[in-house]
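*Asks:* Here you go, one structure.
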Amino acid sequence: MGLRVKIKKVVNGFSLDAAWEIGDELAVLFGCSGAGKTLTLQMIAGLLSPDQGFIHLNEITLFDSLSGRNLPPQERSCGYVFQDLALFPHMTIQENILYGAHGLSKVDCEQQAGNMIGNFKITGLENKYPSEISGGQKQRVALARALIRKPDVLLLDEPFSALDNPLRAEMQHFLKEIHREFPIPIVFVTHDVLEAYSMADKIIMYANGRIAQSGTPKEVFTNPVSKEVEQLVNTRDKLIQSMESLPDISKY
């Protein structure tokens, strides 16, 4: 059970060769920009196809180059939150959330939308438009839309990068609450060292299209296996010093 990825892909001269697996945990794909993190998400979701390898989600094969199996995105049980959130400006908040419920019956759509609006603390915003709500509220709407069909995996591509530190800390805490309610694999992309350390159950370090190291935050940050990883995580002392300056998320 969980998510298993073993993929190779060459795009415009960049070569990705990544293999990892996770259970029902929050895994952070961490590394510099251009290391292959977003490319991995796109292939899990079916937006791009690997050149070789496989992607297994629970008991379902999403992609396998040997058998030729390659499920289209709409047949993959994936929730996806893009970096820019991709909310439709001409749709109300409720309409944006319901857009993610494609394929459900009308009764199920209405029930699920009501549940999401309550669970994601956006009650009263149903008839507003994205331009009329705050950045944090937009994040909640995007997450609600991604989860309304109860997917088997949630993919998040730097969803909090545009937020200031207090709001970012609030959303990080909120995501952990969501994970308790939706105990599914979550793959969270970031190149922010503090976010990686504070959010992850498991960190998967990307460097130049390869997996440089993986493990718990403590394992990776205290025992980097190479100078490459050490440069990515900086030093433990710098990390601790930086984290002491962050807002306390326990109050959110």
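The values are calculated or read from the model by the stated rules, or taken from the named source; none is laboratory data. Every value quoted in this text rests on a predicted model; they were computed, and no experiment measured them. Positions of Cβ are generated from backbone atoms using ideal geometry, with glycine treated the same way; all protein chains shown enter the neighbour counts.
*Asks:* Among the residues of the stretch 22-59, write down those that are free of Cβ contacts under 8 Å to residues at least 24 places away in the same chain and in contact with an Asp or Glu (Cβ under 9 Å, 6 or more places away or on another chain).
*Replies:* Scanning the stretch 22-59 gives a single hit, Gln42.
*Asks:* Criterion first (on the phi > 0 side of the Ramachandran plot, surrounded by 15 or more Cβ atoms within 10 Å (Cβ to Cβ) and not charged (D, E, K, R)) does Gly2 satisfy it?
*Replies:* yes
*Asks:* Could I ask something else about it? Is there any pair with a first residue in the stretch 74-97 that is aromatic (Phe, Trp, Tyr) and a second that is at pLDDT 90 or above whose Cβ atoms are under 7 Å apart and which are 6 or more apart or on different chains, and what are they?
*Replies:* Tyr80/Ala45; Tyr80/Ala146; Tyr80/Leu155; Phe82/Asp157; Phe88/Asn96
*Asks:* Give the residue, chosen from Val153, Val141, that is under 25 Å from Leu41 (Cα atoms), out of contact with any strand residue (DSSP E or B) (no Cβ under 8 Å at 6 or more places or on another chain) and surrounded by 20 or more Cβ atoms within 10 Å (Cβ to Cβ).
*Replies:* On inspection, the qualifying residue turns out to be Val141.
*Asks:* Looking at Ala207, Ala200, Ala146, which is the one that is touching an Asp or Glu at 6+ places or on another chain (Cβ under 6 Å) and not acidic (Asp, Glu)?
*Replies:* Residue meeting the stated conditions: Ala207.
*Asks:* Scan the stretch 157-202 for residues that are outside any helix (DSSP H, G or I), farther than 22 Å from Phe221 by Cβ and in contact with a helix residue (DSSP H, G or I) (Cβ under 8 Å, 6 or more places away or on another chain) and report the count.
*Replies:* 5
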